[in-house]
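Colleague: Can you keep this structure in mind? I'll have questions shortly.
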Amino acid sequence: MDRCIVLVDAGYLLGAAASLLAGEPSRSRIIVDHTALIQALRERAESETGRPLLRIYWFDGAPDRVPQPEHRRLRVMPRVTVRLGALTRSDGRWAQKGVDAAMHAELTELARNRACSDIVLVTGDGDLLPGMMAAKEHGVAVHLWAVQAADGDYNQSEDLVAEADERRVLDRAWIIKAVRAKELTGVCAPPPAPRPEIAAILSAPLPESAPNGRERTAEDDTHRPAAPASENGGQDRAAAHKGVPTPKDLAALRTPGAPPPQHPASATLRWSSDKGWVDRPGTAAEPPEVAAMPTLAQLTTAEQRWADREEDITTVGGDPYEVGQVFARRWMARLGDQGHLQRLSAMYPRIPHRIDGELLRYAARFGLLAHKDDQIDEHDRYAIRAGFWREFDVPAAAENASAGE
């Protein structure tokens, strides 16, 4: 068949791009525009082979083979197929398992079935040499693409380079069209203009002590980062006796019925657990009208549940901020009693126990769980809740404006 296929080893492509742009092969150091990257791969493959594209296969590793947000975005793109191997941690380093074998099997099967006339391989692993040789024996032209090495040397197997029919290098100018180095600013969520109170929470540093002066608990030890070192290299001993307030602690500082406080620019927020809040002595319980707020599951019919799942699979990319927005949008659209919106607005920044737990369980579907302890990364939690409040803020503001007229 006179068409081309691209097989991408994502670990090689993005790891080499990170080395080139950020100085180390960690993919966490780069930001990837996957839509632009796929389009650039397609255009270059069609240009260099002179054949129309049949498909791009994206091979990557994931913990327990659970698709991560980037994989969810990729697999719904036209002409893109995602194949996942396992991602395992050994001696403090992550390693892919099964990705090379999957690429080898796909390469030989495509060639054997004469599915294409040209195959583009974006990889550097010499384990694919037998598959490349088998494809050539079936009359397929093999094009090998390399990412420009940071040190100017090869970052591919020499045997693989020698066996390829054609070889090209994806240089820095090509890479930066879709990939850029990440600026390490410490911001916990994406910047799309949240309400000022959320921006203050996301940008403020974690405090060294709780404003309400409660004693530190075992749970705080689990979730609270180490206190910063002082100039003489020691820890701040005074801060060691205090914890960081949870949303429930913040809510307990207000008297029932009081208006929500104005949040200063230094407002901080610390979330305790994706299983909800733990009651502590001296904290107020949720009012009955708050505890009775319906969950999204209670508001969703079987038909809506199917439609939600379809939307999650086909259009929701899995970005933490986006996940919070999608959940809030569905919950608000299905509320019968709009008075719940006013009650929820008065609780900011706290999300009621049952709804917050359901929100985090929903987010876990998108591969946001940390592989090590099956908990959502804390920065992602900030972004999930910020997305929830950002989506809630628009109709809530309109509701308050109409009520004041």
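Colleague: With respect to the numbered conditions (1) under 20 Å from Thr123 (Cβ atoms); (2) surrounded by fewer than 19 Cβ atoms within 10 Å (Cβ to Cβ); (3) among the β-branched types (Val, Ile, Thr), which one is the sole condition not fulfilled by Thr49?
Modeller: If we test Thr49 against (1) under 20 Å from Thr123 (Cβ atoms); (2) surrounded by fewer than 19 Cβ atoms within 10 Å (Cβ to Cβ); (3) among the β-branched types (Val, Ile, Thr), just (2) comes out false.
Colleague: Mind checking whether some residue in segment 362-375 is modelled with pLDDT of 85 or more and either of a type in the set (D, E, K, R) or within 28 Å of His34 (Cβ to Cβ) (or both)? Steps first, please.
Modeller: Quick first cut of segment 362-375, residues modelled with pLDDT of 85 or more only: 362-363.
Among the residues that remain, those that are also either of a type in the set (D, E, K, R) or within 28 Å of His34 (Cβ to Cβ) (or both) are: 362-363.
Yes, segment 362-375 has at least one match.
Colleague: I'd like the full set of residues that are of a type in the set (Gly, Ala, Ser) and either exposed (fewer than 13 other Cβ atoms within 10 Å of the Cβ) or touching a residue at least 12 places away in the same chain (Cβ under 8 Å) (or both), limited to segment 18-37.
Modeller: Let us first name the residues in segment 18-37 that are of a type in the set (Gly, Ala, Ser), namely 18-19, 22-23, 26, 28, 36.
Listed by number, the residues that qualify are Ala18, Ser19, Ala22, Gly23, Ser28, Ala36.
Colleague: For residues that are among the charged types (D, E, K, R) and within 23 Å of Glu378 (Cα to Cα), tally how many sit in segment 281-332. Don't jump to the end; show me each part of the working.
Modeller: Within segment 281-332, the subset among the charged types (D, E, K, R) is 286, 289, 303, 305, 308-312, 319, 322, 329-330.
Checking which are within 23 Å of Glu378 (Cα to Cα) leaves us with 312, 319, 322, 329.
Qualifying residue count, segment 281-332: 4.
Colleague: Of (1) out of contact with any Ser or Thr (no Cβ under 7 Å at 6 or more places or on another chain); (2) of a type in the set (Gly, Ala, Ser); (3) outside any strand (DSSP E or B), Gly85 satisfies all except one. Which?
Modeller: (3)
Colleague: Criterion first (in a helix (DSSP H, G or I) and modelled with pLDDT of 85 or more) does Asp393 satisfy it?
Modeller: Values: in a helix (DSSP H, G or I): yes; modelled with pLDDT of 85 or more: no.
When the stated conditions are applied, Asp393 does not pass them.
Colleague: Oh, and also: If you scan segment 315-329, which residues turn out to be closer than 17 Å to Gln68 by Cβ and charged (D, E, K, R)?
Modeller: Within segment 315-329, Asp319, Glu322 qualify.
The values are calculated or read from the model by the stated rules, or taken from the named source; none is laboratory data. None of the values given here were measured: they were computed from a predicted structure. In this analysis, Cβ positions are derived from the backbone assuming ideal geometry, glycine residues included, and neighbour counts consider all displayed protein chains.
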